[in-house]
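Each remark here refers to the structure printed beneath this line.
Every number here is computed from the coordinates shown, using simple stated rules; none is lab data. Everything quoted here is computed from the prediction, not taken from an experiment. Counting neighbours? That spans all protein chains shown, and the Cβs are built from the backbone with ideal geometry, glycine included.
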Amino acid sequence: MSNIAGKAYAMNVITPIRWYMTWLNKLIFWAALQFPRTLKGLMNLSLIHYARWVIVGRHQFPHLDPSQPKENLKYAYMLFFSNFNGSWDQYVDSFTFAIPSGLDMFWKWNLRYPRSVPLSPFHEYIQYNQIETSHYYNAYPLAASNDIKSAKVVKNALIAFNQEYANAAPEIFIKQYYALLRSVQKDLGDMSPSPIVSMAAAEVEKRCAGDAYHAKVARDLLEVIAHKARQSEIAKKKELADG
């Protein structure tokens, strides 16, 4: 499927909306931006990369050439775009449970919208109006959104640790190193591979080679830290023996 890249799924949903109600939908979108707490449930869903709603008026579709017939559309259209990790069912269900009233508010004036609850009619509505993605590229196909967040946490922690303790005495270094490991323990999970179906074989090989390089750099860094830790323990034992 072209709408899957590694662990990420691209969803595009296009639904007709009564043209004379688009102003109200745009007002609702504006209010949601001004008061983001109304979308708190959505923002707390870690599987979502992003979600966006756009309204295209019935006279706003591009006219690319004089020979192109002009459309005489009865409805405007609302476009919904989102990237997420996980299955289609998990995503739609999570969306429904997170902001059911918000979904009803956004889609209320869309043609034949059944409401977000119960789930089955809402599933059928999204499936019917979903458009397959022709091309979908993901820069980090093996990384879910939580993997990327964890990587940023570990990177920032390592930079701060290096700046503060690079030249510390061995006993202080090892103590703080173990403290560092404890603080980032939940962010040290390994990324599991998954099929990459929307990238050419050469690009897949190139991406995997890049991932292998970064993994080697991380292993080398950990080996350096472990070596310094062993030196610290040896120095401490020698000090105790001499004492």
- Estimated vicinal HN-Hα couplings, Hz - the range 14-27 in sequence order (Karplus 6.51, -1.76, 1.60; Gly, Pro = x): 10, 10, x, 10, 4, 4, 7, 10, 5, 4, 6, 5, 5, 5
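Taking 24 Å as the cut-off for C-alpha to C-alpha distance, list the pairs among LYS26/LYS149; LYS149/LYS228; LYS7/LYS155; LYS40/LYS155 that go past it.
In this structure, LYS26/LYS149; LYS149/LYS228; LYS40/LYS155 exceed 24 Å between Cα atoms.
Would you work out if the range 1-137 is rounded, prolate or oblate? Take a ≥ b ≥ c from the square roots of the eigenvalues of the alpha-carbon gyration tensor; rounded if a/c is under 1.5, else prolate when a/b is larger than b/c, oblate otherwise.
oblate
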- Item | Amide hydrogen neighbours beyond the local backbone of GLY6, cut-off 5 Å, H modeled | VAL197, SER198
- Item | At R0 = 25 Å, FRET efficiency that the Cβ-Cβ distance of LYS237 and VAL154 yields, to 0.05 | 0.25
- Message: Can you list residues from other chains, or at least 5 along the same chain, whose modelled amide H is less than 5 Å from the amide H of ASN12?
- Response: ILE131
- For ILE55, enumerate residues with amide H under 5 Å from its amide H, sequence gap 5+ or separate chain, H modeled in the peptide plane. LEU79
- Rounded to whole angstrom, the alpha-carbon centroid of the range 1-61 lies from that of the range 121-192 at a distance of 26
- Query: Within the range 47-64, what residues put their amide N at less than 19 Å from the label point 7 Å along the Cα-to-Cβ vector of TRP30?
  - Reply: 53-58
- Query: Which one of VAL117, ALA98, TYR20 has its Cα pushed farthest toward the positive end of the charge dipole of the range 1-127, where Lys and Arg give +1 and Asp and Glu give -1 at the Cβ?
  - Reply: TYR20
